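Engineer: Please find one structure pasted underneath; my questions will follow.
Since every read-out is calculated from the coordinates, none of them should be taken as a lab result. Please read all numbers here as calculations on a predicted model, not as lab measurements. With ideal geometry, Cβ positions are generated from the backbone for all residues, glycine too; neighbour counts draw on all protein chains shown.
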């Protein structure tokens, strides 16, 4: 989240969304995660095409003196920027993030 999203802003957003959508958002959490050093890439297109984009990210990691650092505490993340219910598959945007460390 951007720095301007405080717990007060978060609480307001949950309250507003709950009222507007009449949906239970009580399980949504405001949480800070320190992911450490990561490499990421923006994937544009259908989810089925992500492996080719992940391969580009692996090439970047190898070519920049980095190596994957996936373990019990550090994981691959995907951040979905588009809503697949309303976006054509060719226009879907997803941030693909991999934890890395210097070699």
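Engineer: Using a Förster distance of 41 Å, how high is the FRET efficiency between residue 22 and residue 67, based on the Cβ-Cβ distance and rounded to 0.05?
Structural biologist: Efficiency for this residue pair is about 0.30.
Engineer: Mind ordering 63-72, 94-103, 28-37 by average Cβ neighbours within 10 Å, highest first?
Structural biologist: By packing density, highest mean first, the sequence is 94-103, 63-72, 28-37.
Engineer: Next question, about the same structure. Sum -39500 (n - 2.57) across every DSSP H segment of at least 4 residues in the chain, then divide by the residue count to get the 222 nm mean residue ellipticity, nearest 500.
Structural biologist: Mean residue ellipticity at 222 nm (helix-derived): -9000 deg cm²/dmol.
Engineer: At 20 °C and 1.002 mPa s, what whole-number value in µm²/s does Stokes-Einstein give for the translational diffusion of the stretch 34-102, with Rh from the Kirkwood sum over Cα pairs?
Structural biologist: Translational diffusion coefficient: 169 µm²/s.
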